[in-house]
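Trainee: Structure below; questions to follow.
The values are calculated or read from the model by the stated rules, or taken from the named source; none is laboratory data. These numbers were taken from a predicted model, which means no experiment stands behind them. We place every Cβ from the backbone using ideal geometry, glycine too, and count neighbours over all the protein chains shown. We work out accessible area using only protein heavy atoms, side chains counted, and drop any ligands, DNA or RNA first. Shrake-Rupley method; radii C 1.70, N 1.55, O 1.52, S 1.80 Å.
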Amino acid sequence: MWHEKNKTFMEMISSIDEMRAVIVRARDAGKRVAFVPTMGFLHNGHLSLIRKAGELCEFVVVSIFVNPIQFGVNEDLEGYPRDIERDKRLCAGEHVDVLFTPIAKLMYAGGYSTYVEEKFLSEPLCGLARTGHFKGVTTIVTKLFNIVQPDVAVFGQKDAQQARIIQRMVFDLNFPIEVVIAPIVREPDGLAMSSRNMYLGLDERKRAGCIYAALCLAEELCRQGESDPVKVKNRMSELIMREDGSNVSASIDYIEIVDHLTLRPVKNIGNAVLIAVAVRIGSTRLIDNVIVDLNVA
Ligand code: AMP
């Protein structure tokens, strides 16, 4: 456990060479390195990963990089929320040894043409609507892993598909890295924390509560013995689409009940399933999920 008295000076680094040099020094000092990649605009979900990293290793690196190649042409790259000063303050209040903020022009220097692609787990769910998204994710995570060379990397269950894909990539490409997946941190009403929640107006924010409500309903139905995924999905859909008296529109991108390892739809709800949703509240696309394991109370 990390204590305030151990607080170290946090280095801000944007140069790749400097980042490598600092890692060499940390390793020479016998420290294990934990890494938390983020796109910034940090919230308590990110901070929970940072704390997990601090529990696992003596040296913690957090990166902030809004990765252009994981955004589709009609997505929110330009408008993605950024507040580096606030992020710095939040990291400085945690056990973060290095805040790594690489520069897009240097990460993808002239003529950049090498990509890493996972071809199975990337297909369903968000892969259907966000062509090329996961290829962008696996490429940047590979680059960051090569620069930071962590022993442990911490990702959030919030992005369940991304976490599975990274685990698969680490296995397939023999990265000597332990991937740790940390639980979803939620707002008091259950909405999963996300940098994109800041796009929501007041009425939209209220309406967004339907996402977690639908996941809770699904879990309850499964635990009561409902084994037909179609019935569970229909009940979730009804709940999400129920008008709440506001003018806020909700539309379902997907509701899926899949095997938690293969991410393919199950015919019957047995053992462990991942119930994953992507819902647009107004124009903001939000994702969330729950794992229902009937073997665990
Ligand atoms: P992002 O900055 O959105 O790319 O997220 C960086 C990391 O934080 C990813 O591994 C996310 O899964 C994780 N993360 C985002 N939101 C949450 C949350 N509410 N709870 C736990 N982890 C999260």
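Trainee: Using the alpha-carbon centroid of each, what span in Å lies between the stretch 161-191 and the stretch 212-228?
Mentor: 24 Å
Trainee: So what's the back-of-envelope 222 nm ellipticity for the chain, counting only DSSP H runs of four-plus at -39500 (n - 2.57) apiece and dividing by all residues, rounded to 500?
Mentor: It comes out at -10500 deg cm²/dmol, rounded to the nearest 500.
Trainee: Please tell me which of these pairs span more than 20 angstrom C-alpha to C-alpha: K105/K143; K31/K135; K119/K231; K231/K267? It would help to have the intermediate numbers written out before the result.
Mentor: Details: K105/K143 14 Å; K31/K135 31 Å; K119/K231 30 Å; K231/K267 11 Å.
From the list (K105/K143; K31/K135; K119/K231; K231/K267), the Cα-Cα distance tops 20 Å for K31/K135; K119/K231.
Trainee: Oh, and also: Apply the Karplus curve 6.51 cos²θ - 1.76 cosθ + 1.60, θ = phi - 60°, to the phi angles in the stretch 150-155 and return the couplings in whole Hz, x for Gly and Pro.
Mentor: x, 7, 10, 10, 10, 10
Trainee: If you fit an axis through the alpha-carbon atoms of helix 44-56 and take the longest principal axis of the Cα set of the chain, what angle between them do you get, 0 to 90°, nearest 10?
Mentor: 50 degrees
Trainee: While we're here: Of the accessible area of the chain, with the probe set at 1.4 angstrom, what percent is carbon plus sulfur?
Mentor: 52 percent
Trainee: Then there is this: Kindly report the accessible area of the stretch 17-136 per residue (heavy atoms of protein chains, probe 1.4 Å, no ligands, DNA or RNA), in Å².
Mentor: Details: 5840 Å² over 120 residues.
Each residue of the stretch 17-136 exposes 49 Å² on average to a 1.4 Å probe.
Trainee: Based on alpha-carbon positions alone, could you give the equivalent ellipsoid semi-axes of the chain from the gyration tensor, as √(5λ), descending, whole Å?
Mentor: Details: eigenvalues 226, 86, 78 Å².
Whole-Å semi-axes of the equivalent ellipsoid: 34, 21, 20.
Trainee: Identify all aspartates and glutamates with a Cα-Cα distance to K158 below 14 Å; exclude those on the same chain that are fewer than 8 residues away in sequence.
Mentor: Leaving aside aspartates and glutamates fewer than 8 places away in the same chain, those within reach of K158 are E187, D288.
Trainee: Under a 1.4 Å probe, what is the accessible area of the stretch 150-234 per residue, stated in Å²?
Mentor: Working: 3880 Å² over 85 residues.
Result: 46 Å² per residue.
Trainee: How many angstrom separate the Cα center of the stretch 52-125 from the Cα center of the stretch 7-28?
Mentor: Rounded to whole Å, the Cα centres lie 17 Å apart.
Trainee: For the stretch 71-168, report the convex hull volume of the alpha-carbon atoms normalised per residue, in Å³, without decimals.
Mentor: It comes to 139 Å³ per residue, whole-number rounded.
Trainee: On C-alpha positions alone, give me the angle between the axis of helix 229-241 and the longest principal axis of the chain, in degrees, nearest 10.
Mentor: It is inclined by approximately 80 degrees.
Trainee: A further question follows. So if each residue of separation counts as 0.36 nm, and I subtract the Cα-Cα distance between Y115 and Y254, what length gain in nm does that give? Don't skip to the answer; put the middle values down first.
Mentor: Details: separation 139, 0.36 × 139 = 50.04 nm, distance 2.73 nm.
Stretched out fully, the Y115 to Y254 stretch lengthens by 47.3 nm.
Trainee: Between helix 160-172 and the chain, what is the angle of the helix's C-alpha long axis to the longest principal axis, kept within 0 to 90° and rounded to the nearest 10?
Mentor: Value to nearest ten degrees: 50.
Trainee: Considering just Cα atoms, how many Å³ per residue does the convex hull of the stretch 157-216 enclose? Write down the numbers at each step before the final one.
Mentor: On the way: hull volume 5.7 nm³, N = 60.
Convex hull volume per residue, Cα atoms: 94 Å³.
Trainee: May I pose another question? For the modelled label position 7 Å from the Cα of D203 along Cα-to-Cβ, which residues of the stretch 210-248 have backbone nitrogen atoms closer than 11 Å?
Mentor: Of the residues in the stretch 210-248, 244-248 have backbone N under 11 Å from the label point off D203.
Trainee: Excluding residues fewer than 8 places away in the same chain, name every one of the aspartates and glutamates whose C-alpha is closer than 14 Å to that of K88.
Mentor: Hits, sequence-local ones excluded: E11, D97.
Trainee: Which shape class applies to the stretch 233-291: rounded if a/c is under 1.5, otherwise prolate when a/b exceeds b/c and oblate if not, where a ≥ b ≥ c are the square roots of the Cα gyration tensor eigenvalues?
Mentor: In terms of gyration-tensor shape, prolate.
Trainee: Do any GluC sites (Glu not before Pro) in the stretch 226-267 lie in a DSSP loop with no more than 13 other beta carbon atoms within 10 Å, and if so, which?
Mentor: Values: sites: E226, E238, E243, E256; in loops: E226, E243.
Counting only loop positions with at most 13 other Cβ atoms within 10 Å, the GluC sites (Glu not before Pro) in the stretch 226-267 are E243.
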